[in-house]
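K.L.:
Before anything else, here's the structure in question.
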Amino acid sequence: MLGCVTESIQIVEVAPRDGLQADPADLSTAQKVDLIERLIAAGHCRIEAASFVNPAAVPKMADGDAVMAGVPRSSGVSYSALALNARGVQRAIAAGVDEVCGVVVASETFSQANQRATIAESVQRWRAISDAARAAGIKTAVTVSAVCGCPYEGRVDSGRVLDIVSDLADTQPDELALADTIGAGVPTQVGALFAGVAQRAPGIALRGHFHNTRNTALANIAAAIDEGVRIFDSSLGGVGGCPFAPRATGNVATEDVVYLVHGMGYDTGLDLDALIDASTWLETQLGHGVPSLVAKAGGFPH
């Protein structure tokens, strides 16, 4: 029944990093900071603001230091950044991030394409990143990506995903996320994975990251909610995707997720009308439309 739930769901806004890194537009640092300010005005308190990876690999994220220097340091707003190695985490720390995020890919072929490392090497890199972040007093979050499918290998074995989760859980991250990086997953698969992860990583907050490549992201979020997950990534307008996965467009749109979970009776602290306005503004900055359906149709009173 609508409105019968009193729990909260937290949305981590990833448009400034995961959204923009694969978009054909090339926004300036000032435009990225403007985007972040609009996200804060809509109620966001957790924003993935930058990436500290090799700029040759992801050139659109080369201004991470400048973005972090320009963001408003509003009370209660936490900024996270992606780092994939020791140099990256040190840059992130120096830039003043509040949270460092890492990624371990659940397929060997995709791991080589995405990080130029084996799964085992990526886990070891994460251990070093985690140690450095903790020494600096910064929170840590690690994502296991491509958990539902790989663009090169096809379906990914759930046992492999859970074994990676066990290795990462040993580092005691503040959060552990599962990412359907190419949008291949379906609700039954997602539900089973999170049920398994809850057993392998007891006491660690779980997070979901879903792409809407095949129009299953919202259904997968609902399945994850059923398994107790209360933190989700989303991207304003649904912009972005993975630049290393062929045809893997489609971060799930923040507006669409907020409409869904508000209708289910959960609170996010986000203003849907303000998000729609920000999404419309983002279209003008990018020079093209965004995939979000709620941005096109508008909200509807529940």
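K.L.:
Can you tell me how many residues in the stretch 126-142 are small (G, A, S) and either in contact with a Phe, Trp or Tyr (Cβ under 6 Å, 6 or more places away or on another chain) or not in a helix (DSSP H, G or I) (or both)?
P.N.:
Looking only at that region, the number is 3.
K.L.:
Within the stretch 93-125, restricting attention to residues that are among the small types (G, A, S) and part of a loop (DSSP other than H, G, I, E, B), which residue is farthest from the chain's Cα centre (by Cα)?
P.N.:
A117
K.L.:
Of everything in the stretch 1-36 that's polar (S, T, N, Q) and assigned to a loop (DSSP other than H, G, I, E, B), which residue is modelled with the highest pLDDT?
P.N.:
In this case the residue turns out to be S28.
K.L.:
In addition: Name, by its number, the condition in (1) of a type in the set (F, W, Y); (2) assigned to a helix (DSSP H, G or I); (3) under 17 Å from the mean Cα position of the chain (by Cα) that does not hold for F232.
P.N.:
Here F232 meets the rest and fails (2).
K.L.:
Here's another thing I want to ask about it. What's the number of the only condition in (1) within 30 Å of A135 (Cα to Cα); (2) in contact with a Phe, Trp or Tyr (Cβ under 6 Å, 6 or more places away or on another chain); (3) among the hydrophobic types (A, V, I, L, M, F, W, C) that F194 fails to meet?
P.N.:
Just one mismatch for F194, condition (2).
K.L.:
Take the residues in the stretch 37-66 that are part of a strand (DSSP E or B) and of a type in the set (A, V, I, L, M); name whichever of them is surrounded by the fewest Cβ atoms within 10 Å (Cβ to Cβ).
P.N.:
I47
K.L.:
Under 7 Å between Cβ atoms, at least 6 apart or on separate chains: pull out the pairs that start in the stretch 28-42 with a residue that is over 15 Å from M61 (Cα atoms) and end on any residue that is of a type in the set (D, E, K, R).
P.N.:
Listed pairs, sorted by first residue: L39/E13; A42/D271.
K.L.:
With surrounded by 20 or more Cβ atoms within 10 Å (Cβ to Cβ) and either farther than 20 Å from G88 by Cα or of a type outside the set (K, R) (or both) as the only criterion, which of V147, V186 stands out?
P.N.:
V147
K.L.:
Still on this structure: Look at A69 and say whether it is under 18 Å from the mean Cα position of the chain (by Cα), within 25 Å of V239 (Cα to Cα), assigned to a helix (DSSP H, G or I) and small (G, A, S).
P.N.:
Here the answer is no, as A69 does not meet what is asked.
K.L.:
Looking only at the stretch 72-92, count how many residues are farther than 19 Å from A278 by Cβ and either aliphatic (A, V, I, L, M) or assigned to a helix (DSSP H, G or I) (or both).
P.N.:
Qualifying residue count for the region: 11.
The values are calculated or read from the model by the stated rules, or taken from the named source; none is laboratory data. Note that the coordinates shown come from a computational prediction; the quantities given were computed from them, not determined experimentally. Glycine gets a Cβ as well: all are built from the backbone with ideal geometry, and neighbour counts include every protein chain shown.
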